[in-house]
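Each value in this text was obtained by applying a stated rule to the coordinates, not by laboratory testing. From a predicted model like this one, the values you see are computed outputs, not experimental measurements. Every residue, glycine as well, gets a Cβ built from its backbone with ideal geometry; the counts of neighbours run over all protein chains shown.
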Amino acid sequence: MPDANDSGQSKDYGIGIPQKPDVFFLKGSGNLDWGMKDRLARIFSPKSGRTVMLAFDHGYIMGPTTGLERMDLTIVPLIPHADCLMCTRGALRQIVPAASGKPIALRASAGSTVLTELNDECVIDVEESVRLNASLMAVMVAVGSKFEALTIRNLTRLVDMGNRYGIATLGVTAVGKELTRDARYLSLASRICAENGAHVVKTYYCEEGFEKVTASCPVPIVIAGGKKLPELDALRMAYQAVEQGAAGVDMGRNVFQADDPVAMIQAVRAVVHDGERPEKAFELYKTLEARKP
Ligand code: R5P
């Protein structure tokens, strides 16, 4: 039983030493609640401020995408090398080992496929995100498309629900056939996501003016990899993106469709977390690939 009069030992109140305020390392995130910061700090390294997210949610609109036909065989070996897993609730329950210990960016919007019209979506029940212990909920935002209003409402709803439970929201800027993937559009779409409450934005890299996209977005940006590129080109894109202000990548096809996906994700990590130049990271890729049995 505790001693009502305390133990009589002397106490140390640290008089004269001011308590240091906690300065959170992610931009635009300083005023978030503790639970949300904790979840974000599992995704983004507090040391580098960056992340290598592995995206394999493509099947929700594309079916068995090349490289994802057997996710148990192709994705599971990549999990130890990823900082965060972006996937659907189906894939999570079906193939991701519950003991993997990785934060989850849960695909939280759905509703259409490549066979119909993309982005005509609704959002999943936030309780499902709580049940699955998601750290981030990903929602498509199709600025400038005919589904603009619907997808911004979806973002707003997820942000409202996520704020209630301390789960952050990832606004994914959709790029339709009618929209140009240039800095003007990407900065518009990214800023609209952030202003509507997204805690992180996923968008594409563009060769011209990408630093304006990151500078004008008040929350961290991660880039999608897009279609498969030669490995060195994909590493160059990741390098340029982080050099120009991205807080990392949320990469799918350029990892799981690489000749050696396990080597590729490690090379991407070298670029994102260690600032390795793309040519050196490509050397690492070739070395790891050569070791493959
Ligand atoms: C797109 O809607 C999905 O969120 C994908 O996960 C995303 O595009 C990232 O994959 P990739 O690097 O293959 O573009």
Review point. Roughly how many debye, to the nearest 20, is the charge dipole of the chain about its Cα centre, given +1 on each Lys and Arg Cβ, -1 on each Asp and Glu Cβ, and no other charges?
Key: 120
**Study point:** Under Karplus coefficients 6.51, -1.76 and 1.60, residue-wise ³J(HN,Hα) of region 70-77 in Hz, glycine/proline x
**Key:** 10, 5, 5, 8, 9, 8, 3, x
Revision key, fill the gap. Karplus-derived 3J(HN,Hα) from phi for region 256-261 (6.51 cos²θ - 1.76 cosθ + 1.60, θ = phi - 60°), whole Hz, x at Gly and Pro, runs 6, 9, 5, 4, 10, x
**Study point:** Which of LEU73, LEU284 has the fewest Cβ neighbours within 10 Å, and the rest in rising order
**Key:** LEU73, LEU284
Check your understanding: Taking one equal scatterer on every alpha-carbon of the chain, how large is log10 of I(q)/I(0) by Debye at q = 0.07, 0.11, 0.15, 0.16 1/Å?
Key -> -0.28, -0.63, -1.13, -1.30
Check your understanding: the chain: longest stretch without exposed GluC sites (Glu not before Pro) (DSSP loop, at most 14 other Cβ within 10 Å), sites themselves excluded?
Key -> 209-293
**Study point:** Dipole of region 34-290, positive end: most advanced residue of MET86, VAL159, ALA149 [Cβ charges, Cα centre]
**Key:** VAL159
Practice item. Would you please report the Å³ per residue occupied by the convex hull of the alpha carbon atoms in region 66-196? Key: 125
Revision key, fill the gap. Over the chain, the sum of -39500 (n - 2.57) across DSSP H runs of at least four, divided by residue number and rounded to 500 deg cm²/dmol, gives at 222 nm -11000 deg cm²/dmol
Point to revise | Cleavage-rule hits, trypsin sites (Lys or Arg not before Pro), region 55-144, DSSP coil, Cβ neighbours within 10 Å at most 15 | key: ARG70
Practice item. Can you tell me the alpha carbon radius of gyration of region 119-205 divided by the globular rule-of-thumb value 2.2 N^0.38 Å? Key: 1.05
Practice item. Enumerate the amide H contacts of MET86 below 5 Å, restricted to partners 5 or more residues apart or on another chain; note that Pro and chain-start residues carry no placed amide H. Key: LEU54, ALA55, PHE56, ALA105
Review point. For region 34-290, what's the relative contact order in percent, using C-alpha pairs closer than 8 Å and at least 6 residues apart?
Key: 18
